[in-house]
Amino acid sequence: MKNSRSGKSTKSQHPGSRPHRPARQAPRPVREAHPLEGQTMDLAIESLALGGAGVARMPEGVQGAGMAVFVAGGLPGSLVSARITKMHRRHAEAVVAEVRTPSPDAATPFCPHFGVCGGCSLQNLDPARQLEWKERQIVDALRRIGRVEPGTILPAVSAPDSTGFRNKMEFAFQGLGASLRLGLYSKADTGRVFDLEACPIFPAGGYAILDAVRAACREAGLSAYERRTGQGLLRHLVLRHSVHQNKYLAQLITAPVPADSAPALAILALGQDLLRRFPELSGFVHAERAKADGLAQSERTLLALGESALIETLEDARYSISADAFFQTSTGGALALYRAARELADLAPTDVVYDLYCGGGGITLFLAPTCARVLGLEMNPSAVADAEANAKRNSVANCRFLRADLTGGSAVPERLPDGFAKADVVVVDPPREGLDAGVAAWLNRVRPSRLVYVSCNPATLARDAGLLAEGFTLAAVRAVDLFPHTAHAECVALFRPR
């Protein structure tokens, strides 16, 4: 998935001023439970919705007969006993209590934590059928939300690997001392971290590093950070892996800690011990985050041992990936996605390309050898710096990078570098929120000969396809499975001007 847009800051209060108290509002009436909530009934799962829930219909003879029921854990073709958890005006939500007749496409999960961890919710569905349903969801969203019909539905691209494909994992801490846990959040209790034994979608070499960090933090008596109270230290362990180097980079994110304190010295000793014990670990970074949230993103680096970045390659392009850098979290999937985008772009040696939401220059550098010039536009200044450094590392002379707001009426700068006055091809790879309305209006106005949209969210792609219908037709769409066993549905779409 793509990096999110920068949040807008709010003005701080003047020192000494009294905090603003919102006007007292009348209490909201308590919602009465619907009579069907908590009830169990047999449901036939017909299809798979965006997000991975099975879709059934409320049976005849029951209030709301015929309405859609979204059943968590339901697989198409199965008959389940489901418990209704919430009734809405036009649909209901439910969870599987018992599978009465298994789906013909059911598969045996290979993860020891399946059902405990909610990360790979489709691991019990045949991989080929997963991709078929994702393609169907993408096309259905385009028709239903965007009111757009694709000219061509190109064959879907399956994931290059079904296990060990993730190059980044974010593990959370919880507890204290001997009870300290390090792993992922529970599906049943999203506030509880369970100890992770193995995560088969991450390279197996990372498991021993994870275990070593957990054991060392327990032995040192370190406690996990508690967001509610602001107490504690340990927040996240982020492990990255380079396929090209077959090396790992570890980042330990904690609450702020004095440099010479006992916890800081314990973390220094931990980093030194890890680098000594694991030759495949190329670097260890200790970073801090003070904000009381659950993000695994550092605000300041306190310590760096060994190498501070990994090197990854996609064809001939080389990328430096630091602890905080953005990079697609599936290396093989990124290569498949970028190749699909390049194929749709159909670049000529004389083409000028704009790459919007370019991040650290992933797609920009990948397309550079096949066109005249590429201009990368990105909101995040640190990502622009990463992109420029990657271009220099690759000795690429036909790329330029600019910081651009990518929102509002002047989404794209009016003054552009020499040679970039007009784009023949535009590539957009927006975050899950999709295009800003200002970018869509700009695209409708300039109408490049080809517009390639890289999407990680079919719903916002469909919405944007509707916005772009003023200036473009949707010529083709192709599903690309970056994250098998999950509900994530990625695709590339080609728009041509009317």
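Values quoted throughout were computed directly from the atomic coordinates according to the rules given, and no laboratory measurement underlies them. Keep in mind that this is a model prediction, so the values were computed, not measured. Cβ: placed from backbone, ideal geometry, glycine included. Neighbour counts: every protein chain shown.
Label-to-label distance, A33 versus S449, with points set 7 angstrom from Cα along the beta-carbon direction: 6.4 nm.
With a Förster radius of 35 Å applied to the C-beta separation of R227 and R393, the computed FRET efficiency comes to 0.40. Eigenvalues of the alpha-carbon gyration tensor of the range 168-314, scaled by 5 and square-rooted, set the equivalent ellipsoid semi-axes at 22, 18, 14 angstrom, largest first. A Förster radius of 35 Å combined with the Cβ-Cβ distance from T407 to E197 puts the calculated FRET efficiency at roughly 0.20. For the residue pairs K86/K187; K134/K291; K134/K392; K86/K168, alpha carbon separations beyond 27 Å are given by K134/K291; K134/K392; K86/K168.
Each part reduced to its alpha carbon centroid, the range 58-80 and the range 264-319 end up 47 Å apart. DSSP bridge analysis restricted to the chain gives an antiparallel fraction near 65%, rounded to the nearest 5. Compared with the direct C-alpha span, the chain from D161 to R432 gains 95.2 nm at full extension, assuming 0.36 nm per residue. Once R0 is set to 30 Å, what does the formula 1/(1 + (r/R0)^6) return for the Cβ-Cβ distance between H244 and E132, expressed as a FRET efficiency to the nearest 0.05? After rounding, the FRET efficiency stands at 0.40.
The Cα-based radius of gyration and maximum Cα-Cα distance (Dmax) for the range 40-106 are 10.6, 32 Å. With the simple spin-label model, which puts each label point 7 Å out from Cα in the Cβ direction, the E219 to L303 separation comes to 1.5 nm. Inter-part distance, the range 333-399 to the range 40-56, computed on C-alpha centroids, equals 40 Å.
Computed extension gain for A385 through R144, at 0.36 nm per residue and net of the alpha carbon distance, reaches 82.8 nm. Using every pair of separate Cα atoms, the Kirkwood estimate puts the hydrodynamic radius of the range 349-498 at 15.6 angstrom. Residues with beta-carbon under 13 Å from that of D424, excluding D424: net charge, scoring Lys, Arg +1 and Asp, Glu -1? Result for the local shell: +2.
Going from the fewest other Cβ atoms within 10 Å to the most, the residues S242, S47 appear in the order S47, S242.
Report the far tail of the P(r) of the range 65-192, meaning the percent of Cα-Cα pairs longer than 26 Å. The share of Cα pairs beyond 26 Å in the range 65-192 comes to 41 percent. For the chain, the orientation-averaged shadow of the C-alpha convex hull comes to 27.4 nm² (one quarter of the hull surface).
Sorted largest first, the principal axis extents computed over the alpha-carbon atoms of the range 288-341 equal 40, 27, 12 Å. Could you pull out every one of the aspartates and glutamates with an alpha carbon less than 20 Å from that of K247, ignoring same-chain neighbours closer than 8 positions? Cα-Cα hits under 20 Å: D161, E170, D211, D273, E280, E307, E312, E315, D316, D324. Between A106 and E343, the simple spin-label model (points 7 angstrom out along Cα→Cβ) gives 3.5 nm.
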